[in-house]
Amino acid sequence: GPITTDMKTLTAEIEKFAKDKKIEIDTLKIREEYRKEFLGNVSHELKTPLFTVQGYIHTLLDGALQDKKVRKKYLQRAAKGVERLIYIIKDLDLITKLEIGELHLEIEEFDIIELIQNVFDLLEMKAAKMRISLVFDMEYTEPILVRADKEKIQQVLTNLLVNSIKYGHEDGTTEVSVENLIKNKVIVRVTDNGEGIAEQHLTRLFERFYRVDKSGSRREGGSGLGLAIVKHIIEAHNEKIYVESVVDVGSEFSFTLEKAVETEAT
Ligand code: ADP
């Protein structure tokens, strides 16, 4: 059709679009605002690693390519920057799917203790590098069966543990525990003795792109989406997520899960 040139026509078109799609015009406006803000945040997140990679490529082109040692170092750093970009894009993809409700849960019964152990194994190297020990608060001999989307709960545990390593103090400890709650629920706690979070940030911590330390030295990796993803996944399960934290003492993130109903012997 013809290209819209004036605001009046544009508004009329938006209203018609909204009516056809049966969406309230206010909702549409909110969505538009939301989309703008999201895009702004996304380009901001991508800029930093992109500029880093660009910097290394330019340095190589400007002569560093001649030096065999320097060449390798810069190429490795550029590769790391690209890896970081891929990591951010994967998180963006996930949060988008979670936010538009496109990601369906695949509920199954599994042993939460085993899953925690798997995540520990996967993160052991990363933790050792930062001199953080990962510990289970007690000896679990019995499996604890829960009903949830295993892959997504693995993502939740990974994000929380990665954060506890990233924001932990050297020679610190991250403890994970599982406890029975009333009414077929368990609570999983991830507790660190790291830098902690000031109270005024706690309510906004789970918003996408929200960071306590906005300026300057951003911790390696991270998309600012980790906790937003965690919250979405837990809420999609109709479960709850909590945070408690004290600056310079540490943080505790905890979430609930539904226990698999034991079939009673007759
Ligand atoms: P990212 O780590 O990529 O910045 P997240 O959504 O995972 O994004 O976390 C948001 C912010 O919450 C972090 O930037 C950090 O300031 C704070 N944070 C998260 N976990 C912890 C923790 N265990 N200890 C201290 N601060 C934390």
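Some observations on this one:
- Local electrostatic count at R131 - Lys and Arg +1, Asp and Glu -1, tallied over other residues with Cβ under 9 Å: -1
- Spin-label pair A79/F136, simplified geometry with 7 Å Cα→Cβ offset, distance in nm: 3.6 nm
- Computed about its Cα centre, the charge dipole of region 77-129 is approximately 700 debye, with only Lys, Arg, Asp and Glu carrying charge at their Cβ.
- Ranked packing of 120-133, 247-260, most packed first, by mean Cβ within 10 Å: 247-260, 120-133
- When only the Cβ of Lys, Arg, Asp and Glu is charged (+1, +1, -1, -1), the dipole of the chain relative to its Cα centre reaches about 1620 debye.
- Cross-link reach list, lysines versus K185, counting only Cα pairs under 19 Å and skipping chain neighbours closer than eight places: K150, K152, K231, K240, K259
- Among the helices of the chain, those built from whole DSSP H runs whose Cα atoms reach 18 Å or more along their own axis and whose mean Kyte-Doolittle hydropathy is at least -1.0 are 7-20, 25-61, 68-99, 112-129, 150-166.
- Cβ-placed point charges (K, R +1; D, E -1), dipole of region 1-116 about Cα centre in debye, nearest 20: 1040 debye
- Sulfur and carbon atoms: percent of accessible area, region 93-195 [1.4 Å]: 47 percent
- Sites Q66 and A198, calculated FRET efficiency, Cβ-Cβ separation with R0 51 Å, nearest 0.05: 0.55
- Linear extension gain, N184 paired with T48, 0.36 nm per residue minus alpha-carbon span: 44.4 nm
- Accessible area per residue in Å² at 1.4 Å probe, computed on the chain: 65 Å²
- Rg/Rh, computed from the Cα trace of region 22-167 with Rh as the Kirkwood radius, has the value 1.10.
- Two-site FRET efficiency, K16 against I100, from Cβ-Cβ distance with R₀ of 22 Å, rounded to 0.05: 0.45
- For I144, the solvent-accessible surface computed with a 1.4 Å probe is close to 30 Å², ligands and nucleic acids excluded.
- Evaluated over region 18-108, the count of Lys pairs having alpha-carbon atoms less than 15 Å apart is 4 (only pairs 8 or more residues apart or interchain).
- Average 1/r across all pairs of distinct alpha carbons in region 75-230, invert it, and you get the Kirkwood radius: 17.1 Å.
- Cβ-based charge dipole, the chain, positive-most Cα from V261, N238, Y56: Y56
- Value at 222 nm in deg cm²/dmol, rounded to 500, when DSSP H runs of n ≥ 4 in the chain each add -39,500 (n - 2.57): -17000 deg cm²/dmol
The values are calculated or read from the model by the stated rules, or taken from the named source; none is laboratory data. Because the structure is predicted, anything quoted here is derived from the model rather than measured. As a convention, Cβ positions derive from the backbone with ideal geometry for all residues, glycine included, and neighbour counts pool all protein chains shown. Side chains are part of the model used for accessible areas, which takes the heavy atoms of the whole protein and leaves out ligands, DNA and RNA. Shrake-Rupley method; radii C 1.70, N 1.55, O 1.52, S 1.80 Å.
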